[in-house]
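Colleague: Shown below is the structure under consideration.
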Protein chains: 2
Amino acid sequence: MFLPLYCNKNNYRMNNGRFSIALHILVLLDKAQGELVSSEWLAGSININPAMVRKELISLRQHGFVQSKEGKNGGTTLAKKASEISLGAIYESVRQLSLLGHQKNTPNPQCPVGKNINAHLDGLYNDTERVLIDQLNKQSLADFSAKFG
Amino acid sequence: MFLPLYCNKNNYRMNNGRFSIALHILVLLDKAQGELVSSEWLAGSININPAMVRKELISLRQHGFVQSKEGKNGGTTLAKKASEISLGAIYESVRQLSLLGHQKNTPNPQCPVGKNINAHLDGLYNDTERVLIDQLNKQSLADFSAKFG
DNA sequence: AAAACTGTAACAAAATTATTTACAATATAA
DNA sequence: TTATATTGTAAATAATTTTGTTACAGTTTT
């Protein structure tokens, strides 16, 4: 079939850029008010390659934020109301591993600190990310989109 | 003199890995209870190269967390009490640009959304990061270090 | 049948991060 | 005072991750 996009051999990635792109796409779709929008057009506003947009659209679709129509005059629209899409959910759709990241972190298991640090870092990162998502959840796509004239 | 380390030509960087390393170093120094610890020894616990440790130590020193002694039998100790170093301050010492990042983001200025999105993203990211730092500040290095036997 | 799309894959390039090596400077100790 | 350990810094290299490009098969409309 089709393996997840954007994944490297360690199944690890950071959470930059993509959040901006995803949010930008969603705002544009909200402004389009249900009109089908092509990836070409979206790419024009974001100033990136249409294929990049389509990659992000795959993810947004898998998360139920958008729906697409293939073929001529096809394109994408929001799949739910902008007020029902929280920024935290968008963040979660683009994030992969831990926020503060310790990608390849293999401390010395013979050191009492090294042996346990990953577990403690995980706890810390999870707590911190929870707070971050809660903060983002205070705003919906509709709220954010409203900032644009 | 000496330009900031870890900086690329755009003066931009993410905030991963280095937080883990910085915190790991600081916990080890706390456990050493004022004994001078060599970068070699620190590197052994973290399982990275001593030069990496020394790079991070430069930053930690500049931020007033540690102090070092050169020459034979030299090494590093904490420069203040672990209870006076908050995790938020450590985070701020390793972070460079924005948390959710939009590094090279040059949207189409002719698009009403593209034209304004960076300003709105900046606002969102700043608010979010503020909350993240507040959360980290709830814990001091002493608190975190106490988790290790 | 032609045209305009999306969906997917594979590849290429750029950017970032991590690692290694090297060595001058400094301080201790034999 | 000479050898040794250790930091401080730079530079180069390697690995990884991220971003961008190209290509084309499959779909749907005209």
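Colleague: If you check B:S93 against the conditions, is it open to solvent by less than 10 Å² (accessible area, probe 1.4 Å), facing chain A (nearest Cβ under 8 Å) and over 30 Å from A:L26 (Cβ atoms)?
Modeller: The answer is no for B:S93.
Colleague: Across segment A:51-73, which residue is nearest to DNA strand C (Cβ to nearest atom) among those that are touching a strand residue (DSSP E or B) at 6+ places or on another chain (Cβ under 7 Å) and more than 15 Å from A:I21 (Cα to Cα)?
Modeller: Per the stated criteria, the residue is A:S68.
Colleague: Separate question: Return the total of residues in segment A:17-57 being among the hydrophobic types (A, V, I, L, M, F, W, C), more than 10 Å from chain B (Cβ to nearest Cβ) and within 12 Å of DNA strand D (Cβ to nearest atom).
Modeller: 5
Colleague: Can you pull out every residue in segment A:22-80 that is hydroxyl-bearing (S, T, Y) and more than 24 Å from A:G149 (Cα to Cα)?
Modeller: Correct list: A:S59, A:S68.
Colleague: Something else about it: Take the residues in segment A:74-102 that are modelled with pLDDT of 95 or more and in a loop (DSSP other than H, G, I, E, B); name whichever of them is farthest from B:E129 (Cα to Cα).
Modeller: My answer is A:G74.
The values are calculated or read from the model by the stated rules, or taken from the named source; none is laboratory data. The model shown is predicted, which means the values in this text are computed figures rather than measured ones. Here the Cβ is made from the backbone with ideal geometry for all residues, glycine too, and neighbour counts use every protein chain on show. Just the protein is used for accessible areas: all its heavy atoms, side chains included, with ligands, DNA and RNA removed. Shrake-Rupley method; radii C 1.70, N 1.55, O 1.52, S 1.80 Å.
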